[in-house]
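Contents: one structure, followed by commentary.
Laboratory data are not the source of any read-out in this text; all were calculated from the coordinates shown. Computed from a prediction, not measured in an experiment: that's the story for all the values here. Because the Cβ atoms are built from the backbone with ideal geometry, glycine has one as well, and the counts that use them run over all protein chains shown.
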Amino acid sequence: MTWEHYIREAQHFTGPDIKFVPIVEITLRDPNPVPGTCWDTDGKTARIRGGTDITLHTMAHEVFHSVFHNSPLHRYAEHWGEGFCEMFATLMVGHEATGSIPIDYALKYRLPERVISRVCNGDYDEFVSRWFRWNQIALECRKEGFLDRLLGFVPGRGYLHALS
Ligand SMILES: [Zn+2]
């Protein structure tokens, strides 16, 4: 089953400052499925509940929340979380079917992923190395907004040059 595969891959993004939140329960095919697949944590462990939108892409996305949650980037660039999860999912599974998507969704998920992907040239190894580098910078500067300035984008809002 692919969950194990994504969970194993996600370990490449952990380290002394980034601890994977163990996923102790995965509910698929819920008799009363929620619309959106979601990841939830009590602080120590995590649960994933498959929704009506479950795909390989959303599965990989939710697994990466277990990496992001305990990272310095979560502390200082929390609004980038969905973009990092999308980036991981896209590297694992490929791009989601494109089509018309709501602007709020694009600003929170799709565009941050595109910004990260452009910096990494869509390359897995480059993404791993940037992930650790940006986490290191987060630990050093401890300033919210540092990644926005570095990448020229504010998730949920848009490109910095367009906002000023
Ligand atoms: Zn998410």
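Key figures for this structure:
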quantity: Dipole axis of the range 2-154 (+1 Lys, Arg; -1 Asp, Glu on Cβ), positive-most option in 112, 3, 91; calculated: 112
quantity: Top positive-direction residue, dipole computed over the range 2-154 with Cβ charges, set 41, 58, 24; calculated: 41
quantity: Separation between Cα centres of the range 109-164 and the range 1-75, rounded to whole Å; calculated: 21
quantity: Among 41, 90, 58: highest mean-square fluctuation, GNM of the chain, C-alpha pairs under 10 Å; calculated: 41
quantity: Sites residue 143 and residue 95, calculated FRET efficiency, Cβ-Cβ separation with R0 25 Å, nearest 0.05; calculated: 0.20
quantity: Relative contact order %, the range 2-154, counting alpha carbon pairs below 8 Å whose residues are six or more apart; calculated: 21
quantity: Among 142-153, 20-31, 92-103, the order from most to least packed when residues are scored by Cβ within 10 Å on average; calculated: 142-153, 20-31, 92-103
quantity: Share, in percent, of DSSP beta bridges within the chain that are antiparallel, nearest 5; calculated: 65
quantity: Residue-averaged 222 nm ellipticity for the chain, from DSSP H runs of 4+ at -39500 (n - 2.57), nearest 500; calculated: -13500 deg cm²/dmol
quantity: Rounded FRET efficiency, nearest 0.05, which uses the C-beta distance separating residue 133 from residue 40 and R0 of 41 Å; calculated: 0.90
